[in-house]
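S.K.: This structure is in structure tokens; I'll ask about it shortly.
Every number here is computed from the coordinates shown, using simple stated rules; none is lab data. Bear in mind the structure is a predicted one, so any value in this text is a computation, not a measurement. Counting neighbours? That spans all protein chains shown, and the Cβs are built from the backbone with ideal geometry, glycine included.
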Amino acid sequence: MNASQNRAFEWVSQDLQPFILGFLVILAATRFFFVLWPKYKVLLQAASENRFNKPITRLWNTVRIAIFQTKILKEAKSGWMHAFIFWGFLVLLLRAIWFFIIGFSPSVEFSLGWVEAPYYLLKDLFVVLVSLAASYALYRRLVKKPKRLTLSAEGIVILSLIILIMVSDAFFDAGWQARNHQLELSGIWIGRSIAPILNIYGSDFVVNIHNLAYWTHVVCVLYFLTLLPNSKHLHIVTSIPNVFFSRIPEKGNGLHRIDFENEEQGIFGVSKIDEFSWKKLLDLHSCTECGRCDVVCPALASDKPLSPKQLTVDLRDHLNDEAQSLLGKGQEKRNISVLLGGVINDETLWSCTTCGACEEECPVMIEYVNKIVDLRRGLVLMENRYPSEFINVFKSLETQSNPWGFGRNTRSDWAKELDVKIWDKNNPTEYLYFVGCNGAFDDRGKKIAESVVHSLRSAGVDFSILGNDEGCTGDPARRAGNEYLFDLLASRNAELFKEKSIIKIVTHCPHCFNSLKNEYSEFGVDLDVIHHSELLEYLIKEGNDIGKRRESGNVVYHDSCYLGRHNKIYDEPRKIIAHSSESGEVMEVDASRENGSCCGAGGGRFLLEEKTSKRMSHQRIDQLMEANPDTIAVSCPFCVLMLEDALKAKNLQDKVKVKDISELANEA
């Protein structure tokens, strides 16, 4: 970086130039920090949450997701567009710093040594790539106008600034090359390409272009800085920290036990914005408004009043509006507006299936499910407001430990003719088979439970059940926002597990599996929980002959959200299906694995009547029918119910059958 480049600003004197630049920098920096500081202070005083564990894992996630842009690149065109702009920002950051150094010290001379030429090559490459990417982004917003995007003048201004910064960079180099053509700096190939054209118009023109390029560059950078704090582009500052502090898949699933014994707390759930933790508030500032969450949301696709993007934007705007009140004291702080029923409609919250598709898709790792559940807790525990269907559900869960009100003394009736062992603490089996409410009481669920029993027996698994002592895990209560009821049910079960010395559990219901595996550690039990697909796949791999291959036609597999996205179990069910099928193949549709779409049962919604527009189960069947299946294989009893109802509604029940993987293995 040659000093002759620095002494090129004839528009202002060399002595005056640092003062003008300094004034602009102070103006922009003051604006930036003045607007940003209240947001930072609000985060500091928000509820605590431990997001500092496992720093090495967090650092790797940050490199993989934030730096390498692995989530963004799942989309071809727009993914590369955003990635090039982001990578260009990182590469050109050094260049921007250098522009300010030469502005403050026009006579300074420094060199990057052998790195200089490769850096200039890389810099020029990204000037081109970022210019193309930003131009394509403008084209999308002005011409294509995808529905998922938030189209605003602000976005146009930001993209225009990015293009101006790139163009001014190129013309600054070109002006220097044109004025100092006897000098050559290897690597500045854009400048050398443009310089001969500038020379045609004479030296005065070259000087003016060179100076205009410099001041355009620094002014655009500083103006860009002033726009960040009060716009969605604040994610440029917050997204990398947000990825670093994102939830690491481990016990808890982002939901934590409420300390109901702490009477001083007095707040259970979230009804005001300041009741969210600092990480949840950081999420709100990190939203890019890209709309990827909306594209995959099954509720929005079926015309429910839930847009994950709009939910985040509404919460963020409310947070910004209330910033001064949040930082106030006394009455001013008590006057913060209530979220529920005002900023966020009740029906928006009850539309969510907690499937996690939005979280899987979000490129900056925003968490949605725990916010939805927090707000539902606020509705149920603080406002005593929830769908009428839940009135009897909550009562039945509390008194009979199942959501339908069946007598708990009939819980083991399904197994009377199967001669299944009842757990004996003094003579325990290797596994406890936790059947769950669906397997114990629902007629279709009982058939699945019977198939699980036959499959486990054929594999030689030593297991028993709790019989009438078994109780609901509390999953539907927790997802419906009744954390107090979940706490009651989970505490009962945890005490029972400890009393009976139960450690190893196998279950076929992903919702039971998720609760027992990920959420019961907070209740003092350390359980070794395995889904029956994992156990059967392991036994097949070990050489156990669980059934023989049989002709089953085309089999497509539907991924359960709570087995797949929430617990990353994708391959084991497919291997069981392949083992049981004569063809040894499993059909796939585009919306599968981590991109699978919810059947509509999650989040306690299997207990609610779906009254708004298209049923989520119907749109899922439409997706699965693209594979022209004879059988839809699933690994969740609630998915079975939802998909069978959808097939009946479409008069397809005679053409396509829905079967649990244990039923396929048992038939084989």
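S.K.: Among all the lysines, which ones have a C-alpha under 18 Å from Lys504's C-alpha, if same-chain residues fewer than 8 places away are not counted?
M.R.: Of all the lysines, those that pass the test against Lys504 - Cα under 18 Å, at least 8 places apart if same chain - are Lys251, Lys421, Lys425, Lys517.
S.K.: Another question about this same structure. State the extension gain, in nm to one decimal, for the chain segment bounded by Ile67 and Tyr538, taking 0.36 nm per residue of separation less the distance between their alpha-carbons. Present the calculation step by step, with values, prior to reporting the outcome.
M.R.: Details: separation 471, 0.36 × 471 = 169.56 nm, distance 3.63 nm.
Result: 165.9 nm gained on full extension.
S.K.: Can you give the Kirkwood hydrodynamic radius for the range 189-272, in Å, rounded to one decimal and based on Cα pairs?
M.R.: About 19.1 Å, per the Kirkwood formula over Cα pairs.
S.K.: Calculate how large, on average over all directions, the projected area of the Cα convex hull of the range 273-382 is; give the answer in nm² to one decimal.
M.R.: Seen from a random direction, the Cα hull of the range 273-382 projects 6.7 nm² on average.
S.K.: Continuing with this model, one more query. Along the charge dipole of the chain, which of Val393, Leu536, Asn554 sits closest to the positive end, that is, farthest toward it, with unit charges on the beta carbon of Lys, Arg, Asp and Glu (+1, +1, -1, -1)?
M.R.: Final value for the positive-end residue is Asn554.
S.K.: Here's a follow-up. Just list whichever of Lys145/Lys272; Lys144/Lys309; Lys395/Lys498; Lys74/Lys123; Lys147/Lys309 have alpha carbons separated by over 23 Å in the model shown.
M.R.: Among Lys145/Lys272; Lys144/Lys309; Lys395/Lys498; Lys74/Lys123; Lys147/Lys309, the Cα-Cα distance tops 23 Å for Lys145/Lys272; Lys395/Lys498; Lys74/Lys123.
S.K.: Let me ask something else about it. For Leu132 and Ile20, what is the calculated FRET efficiency with R₀ set at 56 Å and r taken between the beta-carbons, to the nearest 0.05? Present the calculation step by step, with values, prior to reporting the outcome.
M.R.: Working: r = 33 Å, r/R0 = 0.59.
Rounded to the nearest 0.05, the efficiency is 0.95.
S.K.: Nearest 20 debye, what's the magnitude of the dipole of the range 169-247 about its Cα centre given +1 on Lys and Arg Cβ and -1 on Asp and Glu Cβ?
M.R.: Charge dipole of the range 169-247: 360 debye, to the nearest 20.
S.K.: Can you work out the FRET efficiency for the pair Glu430 and Thr150, with r the C-beta to C-beta distance and R0 = 41 Å, to the nearest 0.05? Walk me through the numbers on the way to the answer.
M.R.: Values: r = 54 Å, r/R0 = 1.33.
It comes to 0.15.
S.K.: Moving on. Counting only Cα atoms, I'd like the Rg/Rh figure for the range 390-667, Kirkwood definition for Rh.
M.R.: 0.95
S.K.: Going Cα to Cα from Lys648, which lysines come in below 22 Å? Please leave out same-chain ones fewer than 8 positions away.
M.R.: List returned: Lys446, Lys447, Lys611, Lys614, Lys657, Lys659.
S.K.: Among Phe268, Val167, Val42, whose Cα projects farthest towards the positive end of the dipole of the chain, with charges put on the beta-carbon of Lys, Arg (+1) and Asp, Glu (-1)?
M.R.: About the Cα centre, the residue reaching furthest to the positive side is Val167.
S.K.: Return the loop-located GluC sites (Glu not before Pro) in the range 386-447 (DSSP other than H, G, I, E, B) with at most 15 other Cβ atoms within 10 Å of their own Cβ; answer none if there are none.
M.R.: Sparse-neighbourhood loop GluC sites (Glu not before Pro): Glu417, Glu430.
S.K.: Going toward the positive end of the dipole of the chain, with +1 on Lys and Arg Cβ and -1 on Asp and Glu Cβ, which of Ile197, Gly564, Val130 do you reach last?
M.R.: Going by the Cα projections, it comes out as Ile197.
S.K.: Tell me the angle of helix 443-458 to the major Cα principal axis of the chain, expressed in degrees between 0 and 90 and rounded to the nearest ten.
M.R.: Its long axis makes an angle of about 90 degrees.
S.K.: Okay, next question. If I take the Cα coordinates of the range 529-668 and project them onto the principal axes, what are the three extents in Å, biggest first?
M.R.: Principal axes ranked by extent give 49, 34, 24 Å for the Cα atoms.
S.K.: For the range 469-508, go through all pairs of different Cα atoms, get the mean of 1/r, take its inverse, and jot down that Kirkwood value in Å.
M.R.: Its Kirkwood hydrodynamic radius stands at 10.8 Å.
S.K.: Hey, got the dipole for the chain? About the Cα centre, +1 on K and R Cβ, -1 on D and E Cβ, debye to the nearest 20?
M.R.: So the dipole magnitude of the chain works out to roughly 1100 debye.
S.K.: Moving to a separate point now. Arrange the following residues from fewest to most other Cβ atoms within 10 Å of their Cβ: Val130, Val207, Val115.
M.R.: Val115, Val207, Val130
S.K.: Another question, then. For the range 460-472, take each phi angle, set θ = phi - 60°, evaluate the Karplus expression 6.51 cos²θ - 1.76 cosθ + 1.60, and give the result in whole Hz per residue in order, putting x for glycine and proline.
M.R.: x, 7, 8, 9, 8, 10, 7, x, 6, 6, 5, x, 4
S.K.: Normalise the Cα radius of gyration of the range 323-386 by 2.2 N^0.38 Å (N = residues in it) and let me know the number.
M.R.: 1.35
S.K.: Right, another one. Report D for the chain in µm² per second (integer): Stokes-Einstein, Kirkwood Rh on Cα pairs, 10 °C, 1.306 mPa s.
M.R.: Numbers: Rh = 28.2 Å.
Once the numbers are plugged in, D ends up at 56 µm²/s.
S.K.: About its Cα centre, what dipole magnitude does the range 390-667 give when the only charges are +1 on Lys and Arg Cβ and -1 on Asp and Glu Cβ, stated in debye to the nearest 20?
M.R.: 500 debye
S.K.: Related question: Out of residues 5 or more away from Lys657 or on other chains, whose amide H comes under 5 Å of its own, with H placed 1.01 Å from N in the peptide plane?
M.R.: For Lys657, the qualifying residues are Thr631, Ile632.
S.K.: Expressed as an acute angle from 0 to 90° and rounded to the nearest 10, what is the orientation of the C-alpha long axis of helix 235-244 relative to the principal long axis of the chain?
M.R.: Result, in degrees: 40.
S.K.: Across 10 Å bins from 0, what is the distribution of all Cα-Cα pair distances for the range 62-181, in whole percents?
M.R.: Answer for the range 62-181: a P(r) of 11, 36, 33, 15, 5, 0 percent.
S.K.: Can you give the Rg and Dmax of the range 147-301 based on its C-alpha atoms, in angstrom?
M.R.: 24.9, 82
S.K.: Between the helical axis of 308-321 and the dominant principal axis of the chain, each derived from Cα atoms, what acute angle in degrees is found, rounded to the nearest 10?
M.R.: Orientation of helix 308-321: about 60 degrees from the principal axis.
S.K.: While we're on this one: Can you give the extra length, in nm with one decimal, that the chain gains between Lys504 and Phe33 once fully stretched, where that is 0.36 nm per residue apart less the Cα-Cα distance?
M.R.: My answer for the length gained is 164.2 nm.
S.K.: Among Ser613, Ser78, which comes first, second and so on when ranked by fewest other beta-carbon atoms within 10 Å?
M.R.: Ser613, Ser78
S.K.: How much length, in nm to one decimal, is gained on full extension between Lys74 and Tyr119, taken as 0.36 nm per residue of separation minus their Cα-Cα distance?
M.R.: Result: 13.4 nm gained on full extension.
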